[in-house]
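Report on one structure; see the data block that follows.
The values are calculated or read from the model by the stated rules, or taken from the named source; none is laboratory data. All values reported here derive from a predicted model rather than from experimental measurement. Reconstructed Cβ throughout: ideal geometry from the backbone, glycine too, with neighbour counts over all protein chains shown. Note: areas computed on protein heavy atoms with side chains; ligands, DNA, RNA excluded. Shrake-Rupley method; radii C 1.70, N 1.55, O 1.52, S 1.80 Å.
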Amino acid sequence: NLFISTNMTIVKKLKLKGFKSFASPTELDFGNGFNCIIGANGSGKSNVNDSIIFVLGELSAKSIRAEKSSNLIFNGGKVGSPMKEAEVSIFFDNEKREFPIDSDEVKLSRFVRQNGQSIYKLNDEKRTRQQVLELIKAAKIDPSGHNIISQGDIISLAEMKPDERRKIIEEVSGISVFEEKKEKTLQELGKVDSKLNDANIILKEREVHLRELKKDRDQALKFKEIEESLKNNKATLLN
């Protein structure tokens, strides 16, 4: 159903409690190689997928196959009691410091309550969703990108047009990041060119004004010179 690719980042463990069908505390340990979750239909495989998307900050309940956030909480089933909140924690290996944190392990946790409120924690300390997203982005994890490949994505990729497929390959390989930076730089250069053009227009207007002022100055100096000459001539005549 789902494949998680996090480049060099390794998922070590996943803990669930009260999330969908996982009423009791459940812990899944992952190795450094290829990991596979198998089971019969309805055994909860897809709920594991949903829990990973959930803990990485997904806001759309529909993306996690629920009508609203409170529906992610175990409802008690036929014989149990509904729980007050759902909790998912994912543990990443950070020995190579893919995450900008001075810790060999990174634990991300998310809780959701019956009123739909979510609480995020990083190594058991409260954080905002934005802080969590910035952290996982630094480790090149994008829950909305192609780190997570859901059921049907492979078929969709095979049926895509070459241009669409190329964009996905560029995104996965990291080329698209440079294209985005290039586009942003070109936009900034366009703004600079526009400002330079405006400055040149103003400069030309100032130059015209300065020429007019210089003309007025030259005329004033000429007038003063003639006025002084006239005074001297009058004084000479009186003498």
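In table form, for the structure just shown:
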quantity: Qualifying positions in segment 99-110 - in contact (Cβ under 8 Å) with a residue 24 or more places away in the chain and surrounded by fewer than 20 Cβ atoms within 10 Å (Cβ to Cβ); calculated: Pro100, Ile101, Glu105
quantity: Where a residue in segment 46-73 is basic (Lys, Arg) and its partner, wherever it lies, is open to solvent by less than 20 Å² (accessible area, probe 1.4 Å), with Cβ under 7 Å and at least six apart; calculated: Arg65/Asp50; Lys68/Ala61
quantity: Residues of segment 79-92 classified as hydroxyl-bearing (Ser, Thr, Tyr) and either crowded, with 20+ Cβ neighbours inside 10 Å or touching a residue at least 60 places away in the same chain (Cβ under 8 Å) (or both), total; calculated: 1
quantity: Residue match in segment 42-57 (condition: part of a loop (DSSP other than H, G, I, E, B), open to solvent by 40 Å² or more (accessible area, probe 1.4 Å) and touching a strand residue (DSSP E or B) at 6+ places or on another chain (Cβ under 6 Å)); calculated: no
quantity: Unmet requirement for Glu95, which otherwise passes all of (1) under 16 Å from Lys121 (Cα atoms); (2) open to solvent by 70 Å² or more (accessible area, probe 1.4 Å); calculated: (1)
quantity: Residue within segment 61-68 that is assigned to a helix (DSSP H, G or I) and surrounded by 17 or more Cβ atoms within 10 Å (Cβ to Cβ) present; calculated: yes
